[in-house]
Every structure is written in C-alpha cells, then in structure tokens.
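The values are calculated or read from the model by the stated rules, or taken from the named source; none is laboratory data. This one's a predicted model, so the numbers in the text were calculated from it and none came from an experiment. Neighbour counts are summed over all protein chains in view; Cβ atoms, including those assigned to glycine, are modelled from backbone coordinates with ideal geometry.
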Amino acid sequence: MTPREKCGARDVALDALMQVDKANAWSDEALRRLIAQNRLDSRDAAFATRLCYGVMQNRMLLDYYIGCWCAQKPERLEPVIRGILRIGGYQILFMDKVPHRAAVNEAVEMTRRRGRPKAAGMVNAVLRRFVEHWMNMPDLPKGSTADYLSLRYSHPKWLVLRLLDLVGPDETQAFLRLDNDTVPTCIQVNPLRTTAEELERELRGAGVAVQPHPWLEGCLEITGTGDLRSMPAFREGRFLVQDAAARLAAMAAAAACPAAVTPTVKPPKAIVMIYADDLGYGDVGCYGAKGIPTPAIDKLAEQGCRFTDAYSTTSVCTPSRYALFTGEYPWRKEGTGILPGDAALIIDTKKPTLPKMLQSHGYKTYMIGKWHLGLGEKGKKIDWNKHISPSPNEIGFDESFIFAATGDRVPCVILENGNVRNLDPNDPIEVSYKHNFPGLPNGKDNKDQLKLMWSHGHNQAIINGIGRIGFMKGGKSALWKDEENADVITDKAIEYIQKSAKAKEPFFLMFATHDIHVPRCPEKRFVGKSQHGVRGDVTVELDDCVRRITEALQQAGLEKDALVIFSSDNGPVLDDGYRDFAVRDNATHSPAGPFRAGKYSILEGGSRIPFIVKWPGVIKPGTTSKALLNQMDLGASLEQLLAPGKANSFRDSENVMPALLGKSAKGRDYHVINSTGKALAIRHGKWKFIPAGVAIRDGINGASAKMSKSPEGGSLFDLEKDPKELDNVASQHPDICEQMKAKLEEIRQRPETKADQEDLLPLDD
C-alpha cells in the first residue's frame, strides 16, 4: 500500500491488525504509533482502538463466520482482505451504534483504497450475508466443550482445556466471557498538576467517556479511548495510566504489611539531589569529621534523616552515575568504566531513566554540574563547535548545564543544552586523547607553566595553569576557571530554582558538584578555612554550595515542599594525580570514617558514602537509619511514591521509600558492591562476601594503594564487629559463603524487564 497523507479510524485499525499478524508487533504499541502518525482525534482514536482490540478478541469466531460465506478459507485470503472482512464483521455483530450499511460501505471503499478493486464485490457479498443473518448466525460446529468454547470466545484450545480441568465448564465460560469484555482504563491523577474534577471536565469536553473510579480515590475510568499518551494532559504529566488491580494490590499489601509499602503522601513540588564527588563517609561533621566545618550539610542531617548503611553503586564516578540514572548495575553493560572526556554517551536513549520517569509524572528536569557519562553517538567523533547530541537532554533532562567529564580532563568547557558555552566560532575547539597539537605546551615538559604540580598522569594539556588528561586546542573564550566553577554551577542551580518557583512547576534538580574531585582549586574565600589543607577547603566550599541551594529553596517558598537528597558518587581519595599536599595535610582525619580504603576499592571505604534525606513534615528530623540502600534505588522508590503499585520500570533499583521516609528500618535485602570493571562483592545484613580472586585495593591513594586478591574460598566479613574488614571468617561460615555466592550469581543472571526494552515516554512520531 502506498503511504497516505492521513488515515481514518478504520484504516488505522486495519494497519495495526496487519502489523500484529505479519510482524508479531505489540498491538498497543502499533496502535499508539499509528494513531499518533495519523493525528486521530479522541473520538476516532477510541473507535480505532475498539475495532482493533475487538477484532483480536473475537478473531477465531469472525474467521469461522467469514468461512461460512466466502469461497476461500479465511487463512488463504490475502491478509489485507481478511483484515477488512474481520473489521466489517465485527462492526455488524458487536457494535450496535454503527449502522450496518456504513460498516459494509466503508469496508468496500477501504478495499478499493487498498488497491484491490476486484475484491470489492466479494467483500460486499460476504458482509451483506453478515447483515442478513446477524440476529441468527450459523450454529457453531458440534464438537467437544473445549472446541466450542475455544471457537466461541476465540481462546486457544490448550488454555480452555486447562481451565476446564481446574474450574469446570460454567466457570470456564464465565471467565472467557469476562476476558473478552471491554475493561475501562484506570488513570491516576497527578495532584501536583491538577485535580480529578478538573481533569474529568477537560476529558469530557474532548469527547472522552470518563467517570470517577467507583472505589479508587484520585482515579478516573476511561472507556473506549485510543492512545492516551497522545493526549495533552498526559504529555503535560497531569495523569498516568495505572491498572486498578495494581492499585488494589498495593492497598492490600499495605494493610497486611504497612512497613513494606510506600506510605501515601502528597508528592513534593521539588526534588533536589546534591551529588558530591569523591566525598568520603567521614568527610563531613555529621559523620564524625573534625577540623572541616560543614554546617549546611550537618543542618540537613539535623532536619532530616542520616543513613549509615548507604552505598554508591561503584567505587568510581562514571558507573555510579550510570546506575543512579538507569536503575541498573553498571557491570551489566560494557563500557561503563571511567570515561575520557570525548567518550560517546553510554546510556541508551530508549532506556528508562530516573529523569524520564519524573518527566512522565509532570516534573521539569534539570542537570547541572559534572556529567561524565559521555556525549554524542558511538563511533562518531564529537565536534565541539556544533550542537552535540545525544546529551543529558536525550535521556530525560529538559535542560542541562554540564562539565562533559571531570575537571582534570579536557575539554575544560561548560556545555549548556548540548552547546559549548561562550564559544567563539573563530576559535574552534579541537580535542585529542592521543596526541598534542603542534606548538602547544604540555605539563610534562613545561613544569614552569604550572601553578599546580602533577604527581602522576595529569601532565598533558595545560589549561588555567593546571596539567590535564588529554590535549586541547582553541576555545579560549569558553575555558572555565577552576576556582570559579563551584560558584558558576551554584548560581545556575539557584536560577533554575527561582525560575521553577515563579512558573509554579514541579521540578527535579540534579546538582552534581565537582568538589572535592581533583584538581582541587577552591575560590579564594575558602582557602585556609579547614584544618586539613586544600582537600578540607574544597569540602568547606561544597558545604557553601549546599547552604546557598537550601537557602534558595527557602526564599522561593519551597523548603517545606522539597525533598532534598545529599550524597556522593564514591569514597574518598587523597593523592589522585596532583601534588596538592592532601596526604600531608590529612593528618589524623579519617575520610572514610570507620571503614577501610577509599575510591577504586571494593572495601567499604570505596562505596560506603554519606546519604542524607530531608523532607519537612514527612521525614522526622534528627533521625538516623541503618537501612541498607543503594543510590540507584531512587528510581524505583520515587516511582512508587508517585504511582503506588506501579510495576517497577528499573532492572535493579528497589523500592526503599518506606526506609527513606523513616517509616521502616528495612531497606534492600542484598546489595552488589562493585569496584572497577566486574569485580563484585555482595552485602546481606551484617555480612559481606568477596568471592575468590577478586582484586582488593587497600589504601586511600590512587597510585600507591596495596593490591591483593581475595583468597581461595573467598572473604567473609562481619561488618558489625569488623567494619574495617580485617578478620576474614569465611572458613568459619562456609554455609553463609555458599549462600552469598549463589545469591550473587542469581542477581548476575537477572533478566531485563519489559520496561528496560521500551521507552517510558511517548515517541515523537
């Protein structure tokens, strides 16, 4: 068939049915796309939907009647003709409001439109027999009860036989009849954006058959509607589709086990995540730090809940960020290690993500600060002088203001919505991680040009008097000044908060600060503000960023309606490539708190991190929780907060919202700990198991850490008694080792969910 400018409802239903028959397409997905492509209004969309699903539900019965009056068997008919006959027959037998004449005439015309004029007479003759006999259709063949019920209700015979064995003929027939009934669609109103009454009035005005749900508060029932995702109200996040059974199951579970189900609370107007870089468990005051004043972070803990058993997903930055946004362990995907500054985007743009999920619930989403997840398409070199896509904007962020990677990697520029900020087109940027550009100095051979000396690596391009990883040419007007970066991104975050408050839009702000990652270059007002040198000073600078953002929320009138989350991407490191005297000035400070090692390590110091959650009026202030959780649990947890009972969209993320809200002491049961690559360990309760042969980095310096391997039989630690993981008790508890090893393998083999394979948001057809 040649493409048409626009199809009617019957043509759309036919195209969808043919895609299901020929390409094994998902009926809902095929129908959705076709409705969007042909811009059907709500009435036509509802009609197309009723036709498509009605034919599918009664296909075997329709084919039997077609076979009664057609010279050819239905299975031998050309697919398009068979589809037209099914649609016409369904209208005559099951749709009282469609005049028989219209059903026949439209089928004949559709046959001609599809380029089959010679078949028009046959279509007309067969459907006229439907009309003649519609009140007294031919008897179904006499056979077994299973044969009759299978044909009458168009269900596979094996299913009918199984039902007959289980419940008998009467219950089986009742079930099959009910299964073919049109079930109203249940939608949940987003109270952040509208009310049930306002939405009901709007939908009725658009010709949608809608009524309040008989027993679910805040829900509406819609009958016979087409693609709900094409409706403006859906695209604006004012409702979501949620099966009534799912809501009822959640309610029943809550009654049986209140601690295991997300409490029902009004969603926050603002969700703000402040994500520090290389900040250790023991680096802030509320986790035991002395000599590094962090009053703003400590105040968050005083006003919210401080978690003591929370983890980043990995002990390095890129994979932790990948897991946070995707809800998937990064070791499942190749290429999620520490990325160079010119790497391609490693998050599949069709994958469910935390910001996409929040968008679908009406939140505007902003990404500010360190990105380090790649940009552009795999296999294509990034042109920094043009718009770069894909970027954060293609994985669910409405706006972005980012460092491509880290401060110690080129390019040393900020990108705003995929474009380099302040770029002079007459001074184009070139980036290479293989070779320097002619005439440009490097840090290795030009130490006299450095204001911060390198200790290992970090001796290639010189930008702002600092040696970097990689080489860069041009873009002088776009280059950042390291000492200003914390203020620049904080100013931008405050601007977003003010703009969102003025627009009265709910929003999610991901504020990924670069502090306290190297190169550590505090603004001059923070120099000397700690007792532990430059690393302590940039921690004070980080605290000031927290202060300014929380004050901005207060000034915007959002403090009581804001869920604020503070954490870090991995554990601490002292010397990570620059001679900034972090080792010397650390003195007696314990960056990892009571734990051993730090960044890059599979030991607790590598990924046990500070985690604070504040939500006034919901979370009891000044509380401490020992619930086991992972940062990537935010995806499933927030999804349940916004849509209780909805199936989890994320592969590995778990709903720990009751723990986050302080309503339960229990978090997740198991957590897989990752250092780099596929080096894995597993937590459960007080136990931590590191399989045999896994590399163990023992130290808090990137280059000088002592390396060993977990011995034969693995390493088992009782973290309650032994938080520093010094006493391997594997030989004393072989049963626990085997249990933990088996569980780790089970998690490794966990299959993808359907949501992992489908985009959460409507596609732009």
(request) Please note which strands (runs of 3 or more DSSP E) are completely contained in segment 239-307 and include at least 1 residues that are basic (Lys, Arg) and at pLDDT 80 or above. (result) 305-307
(request) Look through segment 399-436, keep the residues that are part of a strand (DSSP E or B) and among the hydroxyl-bearing types (Ser, Thr, Tyr), and return whichever of them is surrounded by the fewest Cβ atoms within 10 Å (Cβ to Cβ). (result) SER432
(request) Kindly indicate whether any position in segment 642-649 is in contact with a strand residue (DSSP E or B) (Cβ under 9 Å, 6 or more places away or on another chain), touching a residue at least 12 places away in the same chain (Cβ under 8 Å) and not in a loop (DSSP other than H, G, I, E, B). (result) yes
(request) Taking ILE497 as the residue in question, decide whether it is among the aliphatic types (A, V, I, L, M), in a loop (DSSP other than H, G, I, E, B), out of contact with any strand residue (DSSP E or B) (no Cβ under 6 Å at 6 or more places or on another chain) and surrounded by 18 or more Cβ atoms within 10 Å (Cβ to Cβ). (result) no
(request) Of the numbered conditions (1) of a type in the set (A, V, I, L, M); (2) under 27 Å from ALA647 (Cβ atoms); (3) out of contact with any helix residue (DSSP H, G or I) (no Cβ under 9 Å at 6 or more places or on another chain), ILE382 fails exactly one; give the number of that condition. (result) (2)
(request) Could you list all residues from segment 370-409 that are over 23 Å from GLU484 (Cβ atoms), charged (D, E, K, R) and under 17 Å from the mean Cα position of the chain (by Cα)? (result) GLU394, ASP398
(request) Would you kindly identify the helices (runs of 4 or more DSSP H) lying entirely within segment 110-209 that contain at least 2 residues that are under 30 Å from ARG43 (Cβ atoms)? (result) 120-133, 157-180, 196-205
(request) Kindly indicate the residue of segment 464-478 that is out of contact with any strand residue (DSSP E or B) (no Cβ under 6 Å at 6 or more places or on another chain) and not small (Gly, Ala, Ser) and also nearest to ARG535 (Cα to Cα) among those meeting that condition. (result) ASN464
(request) Could you please tell me which pairs satisfy a Cβ distance under 6 Å, a separation of 6+ or placement on different chains, a first residue in segment 189-208 that is under 16 Å from ARG235 (Cα atoms), and a second residue that is small (Gly, Ala, Ser)? (result) VAL189/ALA196; VAL189/GLY218; ASN190/GLY237; ASN190/GLY362; LEU192/GLY362; ARG193/GLY237; ARG193/GLY362; ALA206/SER42
(message) Cβ-Cβ under 9 Å, sequence separation 6+ or interchain: first residue in segment 541-560 and over 24 Å from ASP283 (Cβ atoms), partner part of a helix (DSSP H, G or I) and of a type in the set (Gly, Ala, Ser). Which pairs?
(response) GLN555/ALA501; ALA556/SER500; ALA556/ALA501; GLY557/ALA501; LEU558/SER500; LEU558/ALA501; LEU558/ALA552
(message) Among the numbered criteria (1) among the charged types (D, E, K, R); (2) modelled with pLDDT under 80; (3) part of a helix (DSSP H, G or I); (4) over 25 Å from the mean Cα position of the chain (by Cα), which one does ARG229 miss?
(response) (4)
(message) For segment 215-226, give me the residue count where each residue is modelled with pLDDT under 75 and in contact with a strand residue (DSSP E or B) (Cβ under 9 Å, 6 or more places away or on another chain).
(response) 3
(message) Which numbered condition in (1) buried (at least 23 other Cβ atoms within 10 Å of the Cβ); (2) assigned to a helix (DSSP H, G or I) is the only one that VAL583 fails?
(response) (1)
(request) Could you tell me whether segment 44-58 includes any residue that is in a helix (DSSP H, G or I) and among the basic types (Lys, Arg)? (result) yes
(request) Answer with yes or no whether TYR322 is aromatic (Phe, Trp, Tyr), outside any helix (DSSP H, G or I) and crowded, with 24+ Cβ neighbours inside 10 Å. (result) no
(request) Could you check how many residues of segment 674-725 are within 26 Å of GLN749 (Cβ to Cβ) and small (Gly, Ala, Ser)? (result) 12
(request) Filter segment 59-80 for residues that are in a helix (DSSP H, G or I) and of a type in the set (Gly, Ala, Ser) and give the result. (result) GLY67
(request) Select from segment 647-660 the residues that are crowded, with 18+ Cβ neighbours inside 10 Å and among the small types (Gly, Ala, Ser) and list them in ascending order. (result) SER649, SER653, ALA659
(message) Name the single residue that is farthest from GLY304 (Cα to Cα) among those in segment 620-659 being more than 24 Å from the chain's Cα centre (by Cα) and among the β-branched types (Val, Ile, Thr).
(response) THR624
(request) Could you tell me whether any residue of segment 187-208 is surrounded by 15 or more Cβ atoms within 10 Å (Cβ to Cβ), among the acidic types (Asp, Glu), more than 21 Å from VAL55 (Cβ to Cβ) and at pLDDT 85 or above? (result) yes
(message) Can you find a residue that is out of contact with any Gly (no Cβ under 9 Å at 6 or more places or on another chain), in contact (Cβ under 8 Å) with a residue 60 or more places away in the chain and either charged (D, E, K, R) or farther than 30 Å from GLY205 by Cβ (or both) anywhere in segment 106-114?
(response) yes
